[in-house]
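Computed from the coordinates by the stated procedures, all read-outs in this text should not be read as laboratory data. This structure is a prediction, so every number in the text was calculated from the model and none was measured. Cβ sites come from the backbone with ideal geometry, for glycine too, and all protein chains shown count toward neighbours.
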Amino acid sequence: MAAKEINLEDLKNDIDPLKSDLKDIVKSIKDIGVSKVEAGKDKILDQIDVEEIKKYIDELKAKGKDSIDSVNDTIKEDPIKSVAIAAGVGFVLAWLLKK
C-alpha cells in the first residue's frame with residue numbers, strides 16, 4: 001500500500017506543474033486573441049474615412065430635400081389631384097389592413 005501512496009503523491013506532484021503550464025498556455029492564447037482583435041479593429045478603423053461618410057450623408061440629405069421639394073411642387077401645381085390620390089391610397093391601405 002505504501003507504494004500506491006507514493007505513486008499518488010508523485011502523480012499529484014507531477015500534475016501541479018502541468019496545471020501551471022496549462023494556465024500559462026490559456027493566458028497566452030487569450031493575449032494573442034486580444035491582440036488580434038485589437039489589430040483587426042485598428043485596421044477597420046483605418047479604412048473608414050469619416051469625412052467620406054459625412055459627405056455621403058450630406059448627399060443623401062440633399063437628395064431627400066430635393067425629393068420633398070419635388071413632391072411639394074407637385075402638390076401645389078394640382079392640389080385636387082394630390083388629395084384624390086392620397087384619399088385613394090388611404091382607402092386601399094384601410095381595405096388591406098381590414099383583411
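For the pair GLU38 and ILE75 in one chain, pulling the backbone fully straight at 0.36 nm per residue adds 8.0 nm over the alpha carbon distance. Lys pairs in segment 49-99, Cα-Cα under 30 Å, at least 8 apart or on separate chains: how many? Eligible lysine pairs with Cα atoms under 30 Å apart amount to 12.
Just check segment 49-99 against the gyration tensor rule for me: Cα atoms, a ≥ b ≥ c as the square roots of the eigenvalues, rounded for a/c under 1.5, and otherwise prolate or oblate depending on whether a/b exceeds b/c.
Verdict is oblate for segment 49-99.
Each residue of segment 61-74 was assigned a 3J(HN,Hα) from its phi angle through the Karplus curve 6.51 cos²θ - 1.76 cosθ + 1.60 (θ = phi - 60°); the sequence is 4, 5, 5, x, 5, 4, 5, 5, 4, 5, 5, 4, 5, 4 Hz, with glycine and proline shown as x. Note on the chain: Kirkwood hydrodynamic radius from all Cα pairs is 21.8 Å, rounded to one decimal. Each residue of segment 75-91 was assigned a 3J(HN,Hα) from its phi angle through the Karplus curve 6.51 cos²θ - 1.76 cosθ + 1.60 (θ = phi - 60°); the sequence is 5, 5, 5, 9, x, 5, 4, 5, 5, 5, 5, 4, 5, x, 4, x, 5 Hz, with glycine and proline shown as x.
Estimated at 0.36 nm per residue, the fully extended path between ASN13 and ALA94 surpasses their Cα-Cα distance by 21.2 nm.
Within the same chain, aspartates and glutamates fewer than 8 places from LYS41 are excluded, and of the rest, those with a Cα less than 18 Å from its Cα are ASP31, ASP49.
If R₀ is 41 angstrom, what is the calculated FRET efficiency for the pair ASP46 and ASP21, using the beta carbon separation as r and rounding to 0.05? With R0 = 41 Å, the Cβ-Cβ based efficiency is 0.65.
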